[in-house]
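Structure record follows, encoded as structure tokens.
Nothing in this text is a laboratory measurement; each read-out follows from the coordinates by a stated rule. Computed from a predicted structure; not experimentally measured. Note that each Cβ is placed from the backbone with ideal geometry, even for glycine, and that neighbours are counted across all protein chains shown.
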Amino acid sequence: MQRHFGISPFGYQRKTRTGRHLSVLTALGALAAFAATATILISLLAGPVSAEADNDTPPVYMIGIEGGIGPATTEFVEYGLKQATENDAQLLILTMNTPGGLMSSTRDIIQLILNSPTPVAALVYPQGAQAASAGTYILYASHIAAMAPACTTGAATPIQVMGAQLPSRTGRPVHSMGIPIQPEGGEEPGNEELGDEDTPPDELSAQERKVINEAVSFIRELADKRGRNADWAEEAVREAASIQTSAAREMNVIDFIANSPEELLEKTDGLEIDMNGDPVVLRTAGSEIVHVEPNWRTRLLTVITNPNIAYILLIIGLYGLLLEGYSPGAIVPGVAGAISLLLALYALQILPVNLVGVVLILFGVILMVSETFVPSFGILGFGGVISIVLGGIFLVDPNVPGFGVDPAFIGAIGATLGIVFLALTAFLIRARQRPAAAGKEELPDTKGRALIDFTNGHGTVFVRGERWRATSDHPIRKDEPVRVTGIDGLTLTVRPDANKNGKPEKRSD
């Protein structure tokens, strides 16, 4: 008698029809998820790289910074500066609309600007845009700082001390978002001296004081280098102060108010800029603006460092590897899972990730996969959905401006996984109700044929393509149809079949 088994890293499993169906479903599911992710990546990678100037006037190049500032932003700024320098552009305009971002990426961008052979103009644009947090530092570092009407900048407190009580310049403590903290009893404090203005109160730890003082020193140095208001820059760091366009111009936080990049070029025409000791006079009136688009590398980095994409890549990667472990040889889940997981790990080592979120997602995936092998009546599956949703909430630090997994996206993922789990559970319930499709459980009531005449109730039969020893309480002659009534070890119990055609009956699964 032949027996077929499937080997998994968790022991031996009988390879039943249900098991084969699950292997096919898992492979198709992983392939579909990976195909959807690949489609998103390809669609976002598509697009022109840049436009080219077609006249003899030195062009002005322009790139746009939207959303959170991260490694992809740094790549884009570096690419834009390279394009501007190689094409002899007289100015690079950075249009900004950002809530902030990672300080490490911000410092990289500032270094690029400070060492750029091409002047850089930062324009907070369009109307109603903001250059908060990291955007404030970039605005101060640029050779020219401008804002469109109704825009804001400021709130440059480092994220490491968000939520702590920071000192104001008057000695009154304020929240890191710039909201004054009322003293007990509602009394207004006087203007008590704090001694050194750079020394925060005792509520701040040594590390927090170090971060604040370093950020203040950094932005004041940028302000002094560009001849802008250093005192307000310190306020933006210590008190998370914000300022609108008109006030920013009056207080020398910015150089110009411009409704558009074209208007900015008109206002900067004839302006002399100090390029590390060398004066450069701009002749920007009427210059052609060349819009630089991200190259494929920047587009790819933008996609995979998006917290929402990193979240789904992590789930696909873990699912794929676990399903490959449960169904060795499926190949598709393993390949798709490995690629997705590698991309997710690359993104997570860049993003401000909470380890608890990663562990919750891993635990949730294990629970949902285990549900297909352990009869827990849905407890493991629904627990896995809850764990994956909680992992998405905690995955990326939501306090970092411009980063964090969208709650609506987390809800959609949770709902989708819940629906898939319910469908899979219903499929398993129906599969368990079907008759056995392999093994000795399927033999009773199966028809066969006697190979020899039975002697003393013993003989040999041919059942479902196999030769079996058999016993019977009835006389049976060679080639007579028989029906299996039971099995004891490797011996069948049979009886003569009333249907004399000898053809096996069709089974309905």
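Just to be sure I understand: of the beta bridges DSSP finds with both ends in segment 443-496, what percent are antiparallel, rounded to 5? Mind dumping the intermediate values first?
Numbers: 18 of 21 bridges.
DSSP beta bridges in segment 443-496 are roughly 85 percent antiparallel.
If one puts a single equal scatterer on every Cα of segment 53-109 and applies the Debye formula without solvent, what log₁₀ I(q)/I(0) results at q = 0.13, 0.15, 0.29 Å⁻¹?
-0.36, -0.46, -1.15
Apply the Debye scattering formula to segment 443-496, with a single equal point scatterer on each alpha-carbon and no solvent, then give log10 I(q)/I(0) at q = 0.14 Å⁻¹.
Taking Cα atoms of segment 443-496 as identical point scatterers yields -0.25.
Please work out the C-alpha center-to-center distance from segment 306-328 to segment 253-268 and express it in whole Å.
48 Å
Hey, fewest Cβ within 10 Å first, where do Lys478, Lys447, Lys82 land in order?
Fewest-to-most Cβ neighbours within 10 Å comes out as Lys478, Lys82, Lys447.
If the only charges are +1 at each Lys and Arg Cβ and -1 at each Asp and Glu Cβ, what is the size of the charge dipole of segment 443-496 around the Cα centre, to the nearest 20 debye?
Roughly 140 debye, rounded to the nearest 20.
Taking amide H atoms as placed 1.01 Å from N in the peptide plane, list the residues 5 or more away in sequence, or in a different chain, whose amide H sits under 5 Å from that of Glu288.
Val60
Pull up all non-local amide H partners of Leu91: gap of 5 or more, or a different chain, and H-to-H distance under 5 Å with H placed in the peptide plane.
Long-range HN contacts for Leu91: Tyr61.
Check which residues have an amide H placed less than 5 Å from Val396's amide H, if you skip close sequence neighbours.
Placed amide hydrogens put Asn354, Val405 under 5 Å from Val396.
Could you tell me the calculated FRET efficiency between Glu250 and Ala423, based on Cβ-Cβ distance and R0 = 41 angstrom, to the nearest 0.05?
Step by step, r from the Cβ atoms, then E = 0.05.
How big is segment 257-415 on each of its three principal axes, counting only the C-alpha atoms and giving the largest first in Å?
Dimensions of segment 257-415 along the principal axes of its Cα atoms: 78, 33, 28 Å.
Which whole-number percent gives the relative contact order of segment 443-496, counting Cα pairs below 8 Å spaced six or more residues apart?
Value for segment 443-496: 37 percent.
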